[in-house]
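The values are calculated or read from the model by the stated rules, or taken from the named source; none is laboratory data. Fair warning: this is a prediction, and the values are worked out from it, not measured in the lab. When we count neighbours, we look across all protein chains shown, and the Cβ atoms used for this are built from the backbone with ideal geometry, even at glycine.
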Amino acid sequence: MHKKLFLIVIAAFSLSNSIAQKPTVPSSTEIYESIQKLNFLGSVLYVAAHPDDENTRLIAYMSNHEKARTAYLSLTRGDGGQNLIGPEIRELLGVIRTQELLAARGVDGGEQLFTRANDFGYSKHPDETLKIWNKNDVLSDVVLAIRQFKPDVIINRFDHRTPGTTHGHHTSSAMLSMEAFDLANDKSAYTDQLNQTSLWQPKRLFYNTSWWRYGSREKFDKVDKSNMIKFDIGAYYPLKGLSNNELASLASSQHLCQGFGRLSQRGTQEEYIEFLKGAPVNNNNIFSGIDTSWNRVLGGSAIGDILYAVENNFDFTNPSVHIPQLIEAYKRLQNIEDEHWKTQKSKELKAIIEMCAGLYLEASAENNWATANETVKLNLEVLNRSNTAITLLSITDSSGLNISKNIDLTNNTRFTFEENLKIKSSQEPTNAYWLNKKGTLGMYTVDDPKLIGLPETPRTYKIDFNVLIDNVPISFTKDVMQRFSKPDKGELYRPFEIIPEAAAKITEQVIIFDSDESHEVSVVIQSGRHNLEGTVELCHPEDWSVSPKTQKVSIAHKGEEQTVTFIVTPPKTGSEGFIGPIVHIGDKDYNKELFEIDYEHIPFQTVLLPSESKVVRLDINKSGKNIGYIQGAGDVVPESLEQIGYKVKILKLEDINPEYLSEFDAIVVGIRAYNTLDDIEFKLPQLFDYVAQGGNMIVQYSKSYGLKTKNIAPYSLTLSHDRVTDENASVRFINPKHEILNSPNKITQKDFEGWTQERGLYFANAWSDKFTPILSMNDNGETAKEGSLLIAQHGKGYFIYTGLSFFREFPAGVSGAYRLFANMISLGKEDMNLEAKRND
């Protein structure tokens, strides 16, 4: 039932910015709602820090109840989060979360904006955040968003007055919004922006407060609310058959990689915003003092007379009867001087005309990708499903396609054409624009100022369907995409991408050498065109050697791959560095890897990133060989353990039994497994018994809330929100003589150098005296945290809980993380080996 509801809601928002969605013709009620929004000239900008920070209830309310143009400004793309649905982290996770935001806005009716800020991970104070982000650049982007979107009202998700009490990114978003509120109308601030936009002063700014700001509902009930506005965001929308909070639940459930799928809600629900600055509010109306009618713009009154009449007399049985009025309004709209409202309302009005006419316009390529200088066959479809007289004048595009048609589009007569699209020889590959250049820890590099703030890279290849309606020429622009079908899926759509003629990847992201013996390293070359001929070499650190120097590349058909092998020899002693392939095709070199992101809830994505792998000559010793791995929220720890010589088998909960467990030297539980595996509590007694019989059980972090079991260990253990976000924070050894720090690898301070993003998260903060804490660490100005690594002997084996972020350190090739994890697996194994020898 929820799936059916979701599909209905998605169809209701055909004006979504999300690319490569199936072209749809909305129902009459959806057209009517679009006309209602067309006739409201007011806007709201919601501001927060990350994907999933946004209050979809309030965004949906402003967009669907108030009918305001509403956008969410997320300062980051959420690159520093975790991923519950797959292995992608960092840049690729940011791409996923960007698309999830667009999917959410497609449901709640909002738009999506960003800054160049990079989500570098959890931050405990805005001082740290704004130093790493580069405050001036992010503030510039917030000012730009305000100047371009021109909101009447800004609503902050977080409180600017509470630094240090929540995520530093959160507080920073509110602080920057407060400052940008005034700077947006300051002609001396960020003057370079005025080449592409104009000054703007929002009317007022609010903070989206709630009872959790005050600690409890009881405390919130006692708060003076005279400075607040209350909304019932449970409002029911008969035209949708959904309430606002149901709509909001569907929107927030798009954040699947963060585990936000949830039940829908119904009924009255209060939402509060607190006035912070700007013009005082009258009558609890956030738009008080703002003319949100067509009278707002000079020359708008006559346009409003036409469009209000359409709204008031809308024909639900035949919306096309309103096309003459809509065309007249469109003509008049082109003559108003206010460029902002002319541009925005022309876009909305064109979409409504298209909907009322039942126009179906599609440009489908034979493949979903092509390379520079290639010619692609296009299948074009044009269909007018109304009695309105419409003439297709021509079909054009920016590459030079200009085909005259002069075809009368009679009612429900389908016209199809085959045309050729020529890809420019100089065409750059499609990519997430913020990933084209290497950025810093806190900021993405974006050279083109026109791209800053956009949710995704604008599509290069679009088709203009130029038509004549009531003697008024109008162009409808459609992105080129691919429409295809699969027997087990039905009709599918994918974005049309430009890819390089060659891409290359090393099959392993991190390659560990535990001796000075040579390893074979495989490089996979993917061809973007037919008859690819060239060579590939492998760049490497000076103290490493690679043979042969080059390998020949010869691939007959585009889309095919060729794998070549190089012999890589490490130095005699410890060393780290990077290797990367360079493919030479003619006079061009290619060194990028092509990633494909394919999940059903977002459009298919291709991403290009530098192709490189970390090589580590690691001095490491191990005891134990066979590892059973219980997967949680998705990580690459199993592959990483295989890198250092372990045999890893993925365990399903239903397969766990005492005999099966006895095969393994250690059982490793993946991140968030206690949060994501519904039946894990029923298997824990067997796992704890496995430990008692001599096995080691290593449990990586789970969140302290949403646990699927009360007993996470054989002895009492309480998880918390404690974390150490400074990856360089001092690590102190509480029990320096403990076996885990000494055998089979001697762990020293050097092993904690080079960690990335954080030390760890969700440490334990209370435990039985059966546990021994090993490490102590803390962020600057905080008390020592001792719950990052806890060990309890249970029978003949050991139970270990760790909040250390091995899932981040392994993909980064951090030597010390591998050595410490090997010690965890090896714990007690040498003693067992000695006992076994004595028994023999």
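Scan segment 682-703 for residues that are in a loop (DSSP other than H, G, I, E, B) and not hydroxyl-bearing (Ser, Thr, Tyr) and jot them down.
Gln693, Gly694, Gly695, Lys703
Being assigned to a helix (DSSP H, G or I), crowded, with 23+ Cβ neighbours inside 10 Å and either among the polar types (S, T, N, Q) or touching a Cys at 6+ places or on another chain (Cβ under 6 Å) (or both), is that true of even one residue in segment 39-56?
Yes - at least one qualifying residue is present in segment 39-56.
Out of (1) in a loop (DSSP other than H, G, I, E, B); (2) of a type in the set (Val, Ile, Thr); (3) under 23 Å from Ser288 (Cβ atoms), the odd one out for Val25 is which?
Among (1) in a loop (DSSP other than H, G, I, E, B); (2) of a type in the set (Val, Ile, Thr); (3) under 23 Å from Ser288 (Cβ atoms), the lone unmet condition for Val25 is (3).
For segment 520-543, give me the residue count where each residue is surrounded by fewer than 18 Cβ atoms within 10 Å (Cβ to Cβ) and on the phi < 0 side of the Ramachandran plot.
Qualifying residue count, segment 520-543: 10.
Just a yes or no: is a residue in segment 633-656 more than 30 Å from Cys257 (Cα to Cα), in contact (Cβ under 8 Å) with a residue 60 or more places away in the chain and either surrounded by 22 or more Cβ atoms within 10 Å (Cβ to Cβ) or in contact with a helix residue (DSSP H, G or I) (Cβ under 8 Å, 6 or more places away or on another chain) (or both)?
No, segment 633-656 has no match at all.
Yes or no, residue by residue, for (1) in contact (Cβ under 8 Å) with a residue 60 or more places away in the chain; (2) part of a loop (DSSP other than H, G, I, E, B):
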{"site": "Tyr705", "(1), (2)": "no, yes"}
{"site": "Asp722", "(1), (2)": "yes, yes"}
{"site": "Pro736", "(1), (2)": "no, yes"}
{"site": "Ile740", "(1), (2)": "yes, no"}
{"site": "Pro744", "(1), (2)": "yes, yes"}
{"site": "Asp751", "(1), (2)": "yes, no"}
{"site": "Gln757", "(1), (2)": "yes, yes"}
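In the same structural domain as Leu84 (by TED's automatic domain parsing), out of contact with any strand residue (DSSP E or B) (no Cβ under 9 Å at 6 or more places or on another chain) and part of a helix (DSSP H, G or I) - does that describe any residue in segment 271-287?
No - not one qualifying residue is present in segment 271-287.
Of these, Glu663, Glu600, Glu596, which one is in contact with a strand residue (DSSP E or B) (Cβ under 8 Å, 6 or more places away or on another chain), surrounded by fewer than 16 Cβ atoms within 10 Å (Cβ to Cβ) and assigned to a loop (DSSP other than H, G, I, E, B)? Spell out how you get there, then give the answer.
Working: Glu600 fails: in contact with a strand residue (DSSP E or B) (Cβ under 8 Å, 6 or more places away or on another chain); Glu596 fails: assigned to a loop (DSSP other than H, G, I, E, B).
So the residue among Glu663, Glu600, Glu596 that is in contact with a strand residue (DSSP E or B) (Cβ under 8 Å, 6 or more places away or on another chain), surrounded by fewer than 16 Cβ atoms within 10 Å (Cβ to Cβ) and assigned to a loop (DSSP other than H, G, I, E, B) is Glu663.
Sort out which residues of segment 603-616 are surrounded by fewer than 21 Cβ atoms within 10 Å (Cβ to Cβ) and in contact with a Gly (Cβ under 6 Å, 6 or more places away or on another chain), and write them in order of number.
Residues satisfying the conditions are Glu612, Lys614.
I want to confirm something. Restricting to segment 306-317 and keeping residues that are loosely packed, with under 12 Cβ neighbours inside 10 Å and free of Cβ contacts under 8 Å to residues at least 24 places away in the same chain, which single residue is nearest to Trp341 (Cα to Cα)?
Among those residues, the one meeting the criterion is Asn312.
Look through Ser623, Ser554 and report the one residue that is of a type in the set (Gly, Ala, Ser), surrounded by fewer than 17 Cβ atoms within 10 Å (Cβ to Cβ) and touching a residue at least 12 places away in the same chain (Cβ under 8 Å).
Just one listed residue meets the conditions, Ser554.
Pick from Leu205, Leu239, Leu263: which is in a strand (DSSP E or B) and touching a helix residue (DSSP H, G or I) at 6+ places or on another chain (Cβ under 9 Å)? Please lay out each step first, then the result.
Details: Leu239 fails: in a strand (DSSP E or B); Leu263 fails: in a strand (DSSP E or B).
Sole residue among the options that is in a strand (DSSP E or B) and touching a helix residue (DSSP H, G or I) at 6+ places or on another chain (Cβ under 9 Å): Leu205.
Please verify whether Leu804 is in contact with a helix residue (DSSP H, G or I) (Cβ under 8 Å, 6 or more places away or on another chain) and either closer than 25 Å to Tyr122 by Cα or modelled with pLDDT under 95 (or both), treating the condition exactly as stated. Quick ask: steps written out before the conclusion?
On the way: in contact with a helix residue (DSSP H, G or I) (Cβ under 8 Å, 6 or more places away or on another chain): yes; either closer than 25 Å to Tyr122 by Cα or modelled with pLDDT under 95 (or both): yes.
Yes; evaluated as a whole, the condition is true for this residue.
I need the full set of residues from segment 356-406 which are surrounded by fewer than 18 Cβ atoms within 10 Å (Cβ to Cβ), polar (S, T, N, Q) and within 34 Å of the chain's Cα centre (by Cα), in order please.
Once the filter is applied, which keeps residues that are surrounded by fewer than 18 Cβ atoms within 10 Å (Cβ to Cβ), polar (S, T, N, Q) and within 34 Å of the chain's Cα centre (by Cα), segment 356-406 yields Asn367, Asn373, Thr375, Asn379, Ser398, Ser399.
Checking Ile233 against (1) free of Cβ contacts under 8 Å to residues at least 12 places away in the same chain; (2) in contact with a strand residue (DSSP E or B) (Cβ under 8 Å, 6 or more places away or on another chain): exactly one of these is not met. Which one?
In the conditions (1) free of Cβ contacts under 8 Å to residues at least 12 places away in the same chain; (2) in contact with a strand residue (DSSP E or B) (Cβ under 8 Å, 6 or more places away or on another chain), Ile233 misses (1) alone.
If a residue has to be at pLDDT 95 or above and in contact with a Leu (Cβ under 6 Å, 6 or more places away or on another chain) to count, how many in segment 7-32 make the cut?
1
Write out, first by first residue and then by second, each pair whose Cβ atoms fall under 8 Å of each other, whose residues are 6+ apart or on separate chains, and whose first residue, in segment 532-544, is in contact (Cβ under 8 Å) with a residue 60 or more places away in the chain while the second is of a type in the set (Ser, Thr, Tyr).
Every condition considered, the pairs that remain are Pro541/Ser575; Trp544/Thr569; Trp544/Ser575.
Could you check how many residues of segment 603-632 are within 23 Å of Val814 (Cβ to Cβ), in a loop (DSSP other than H, G, I, E, B) and not acidic (Asp, Glu)?
Total satisfying the criteria: 10.
So if I check each of Asp137, Asp159, Asp141, which one is modelled with pLDDT of 95 or more and part of a loop (DSSP other than H, G, I, E, B)?
Going through Asp137, Asp159, Asp141 in turn, the sole match is Asp159.
Of everything in segment 557-574 that's among the hydrophobic types (A, V, I, L, M, F, W, C) and buried (at least 18 other Cβ atoms within 10 Å of the Cβ), which residue is nearest to Arg529 (Cα to Cα)?
Looking at residues that are among the hydrophobic types (A, V, I, L, M, F, W, C) and buried (at least 18 other Cβ atoms within 10 Å of the Cβ), I get Val564.
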